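Q: Below you will find the structure I want to go over with you.
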Amino acid sequence: MQNSAIEVLIIDDNPKDVQRARDALGDGASPYHLHVMVGGEDTLTYLRQQPPFVHALPPDVILLALNPPAWHGSQVFDEIRQIDFHPPIIILGQAGNGPASRYLHTGAADYLFKDDLRSLRFAVEQVVMSRRLLRKLSRRQLEVLRLIAEGLATRDIAARLEISGKTVEAHRGELMRRLGIPTVAGLVRYAIRIGLVPLGPTHQDFSAFLPPEPTEPSSS
Amino acid sequence: MDDRPRDAQGVRDALRTVAGVNSPAAIIASQHVVAYLKNKSPFEDAVPADLILLAVNPPGHHGRGTLAQIRSVAHHPPVIILSRVTDGPASRYLDTGASDYMMKDDLSQLAHAVRRVMAARIPLNAVTPRQIEVLELIGKGLKTQEIAARLRVSNKTVEAHRASLMGRLGIDSVAGLVHYAIRADLVELDPPPAEKVTSARPARRRALSA
């Protein structure tokens, strides 16, 4: 990844932890440009590219800390998830934040624990590189990929995008070729794994057996 | 599976709140797990496990190795990792087949995680073992021809199984089957493919999407 800066946004209100993440990503000679925000409303305004951040470039990757007790990392996560084609999110958790699946199954690209950031560089690199495949796609192909991964039928995708079914099929063929993934199932797996779509939707029979989601881990 | 009695007791306490869960059927050391799952000596009479809680303890923890062994057993139960060490990204475990990953020192959500994992398996009671095999192979991203070759049946038979799976599970798309296969831990998610060529960063025209 030489010669290519990677813009990393860390959302954390704990300066010490920010410094540790900075250390883990390497010194000034590394390709990582670290930006820090504390997760308030302006963080979301920036990521939504609303004024005054209309022209701000989104980061390549977001490191989102889940800090106890008054911090609202999980709400920030849910807000970011609402943003169309948001950057990939790596969660920095700690004991007390509950099971990792709360995030990994709902659109986080990875989950690390704050007290061991040795593999942070590896995780960031993997997330960024896997996302770079998406640059081979046009915006339209990206939309088609997302709708396929959400389980929409060709005719539903066509209706949603106001194009013909034949055009959807052409987009599908082309994005399979560009990604080197030859099956619909493979596309779905890829989209889930990089956090483009959350894991789900589950069908009704199954959801009836699901316990209600806990509001939040008691200590976060 | 835990070699620390005190930790095992903590898990027992945390599970007590889950309706319908018997206290752990067995607590065994990791090197015995394959024998246990295959009912080999000395576990001929072992009760089949519905769920494995795999503790990852220092020193010399073998979490990923043990997980790989469990995955080598056909139709193995789902696995929740209980970690005392932070052993790299959690995706390392979830990508290699664990259903969930939690820190041991906070078991307050263990009951919820267990119920979630068990609930995801319930719909499988409605399908045949053969259909589960087909679902696994669909979930791995194989083409119809590849599934047919693997199972030594015709393409038509695979398609019939797929249609039947969708009907019985109430899922109306291949994508939905893939989501479900992952959710029910029939397949793992690989680390995603990545662009191999490293080149100078292109202009960020499409930065939003990348």
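Here, each number is a calculation from the coordinates, and none is a lab measurement. Just so you know, these numbers come straight off a predicted model, no measurement behind them. Because the Cβ atoms are built from the backbone with ideal geometry, glycine has one as well, and the counts that use them run over all protein chains shown.
Q: Is region B:72-165 best put as rounded, prolate or oblate by its Cα gyration tensor, with a ≥ b ≥ c the root eigenvalues, rounded for a/c under 1.5, and otherwise prolate when a/b is larger than b/c, oblate when not?
A: It is prolate, given that a/c is not under 1.5 and a/b is the larger ratio.
Q: Could you compute the net charge surrounding A:Tyr103? Neighbours are other residues with a C-beta less than 12 Å from the C-beta of A:Tyr103; K and R count +1, D and E count -1.
A: It works out to a net charge of -1.
Q: To check my understanding: the extent here is largest minus smallest coordinate of the Cα atoms along each principal axis. What are those three numbers for region A:56-135, in Å, largest first?
A: Between the extreme Cα coordinates on each principal axis of region A:56-135 lie 37, 29, 24 Å.
Q: Could I ask something else about it? Kindly write out, for region B:112-117 in residue order, the coupling ³J(HN,Hα) from the Karplus curve 6.51 cos²θ - 1.76 cosθ + 1.60 (θ = phi - 60°), rounded to whole Hz, with x marking Gly and Pro.
A: 4, 4, 5, 4, 4, 5
Q: Further, regarding this structure: In nm, give the distance between the simple-model label positions of A:Val54 and A:Arg139, each being 7 Å from the Cα along the Cα-to-Cβ direction.
A: 1.6
Q: What does the charge add up to near B:Ala46, with Lys and Arg as +1, Asp and Glu as -1, over the other residues with Cβ less than 15 Å from its Cβ?
A: Cβ neighbours under 15 Å give a net charge of -1.
Q: Among A:Thr43, A:Thr167, which comes first, second and so on when ranked by fewest other beta-carbon atoms within 10 Å?
A: If I rank by nearby Cβ atoms, fewest first, I get A:Thr167, A:Thr43.
Q: Nearest 0.05, what FRET efficiency do B:Ala74 and B:Gln9 give at R0 = 30 Å with Cβ-Cβ as r?
A: The pair B:Ala74/B:Gln9 has a calculated efficiency of 0.40.
Q: Here's something else I'd like to know. Which of the lysines could be linked to B:Lys104 by a straight reach, that is with a Cα gap under 18 Å, when you skip same-chain ones fewer than 8 residues away?
A: A:Lys114
Q: Relative to the longest principal axis of chain A, what angle (0 to 90°, nearest 10) does the C-alpha long axis of helix A:15-25 take?
A: 60
Q: Once phi is turned into θ = phi - 60°, what whole-Hz ³J(HN,Hα) does the Karplus curve with 6.51, -1.76 and 1.60 give for every residue of region B:29-46, x standing for Gly and Pro?
A: 7, 4, 5, 9, 5, 5, 4, 5, 5, 9, 6, 8, 3, x, 10, 4, 9, 5
Q: Would you look at the GNM of chain A, springs on alpha carbons closer than 10 Å, and say which of A:Gln82, A:Gln141, A:Gln126 moves the most?
A: Between A:Gln82, A:Gln141, A:Gln126, it is A:Gln82 that shows the largest mean-square fluctuation.
Q: Just to confirm the number: angle between the C-alpha axis of helix A:184-193 and the first principal axis of chain A, 0 to 90 degrees, nearest 10?
A: Its long axis makes an angle of about 10 degrees.
Q: Quick check for me: using +1 on Lys/Arg Cβ and -1 on Asp/Glu Cβ, what's the dipole size of chain A about its Cα centre, in debye to the nearest 20?
A: Taking the Cα centre of chain A as origin, the dipole is about 1000 debye.
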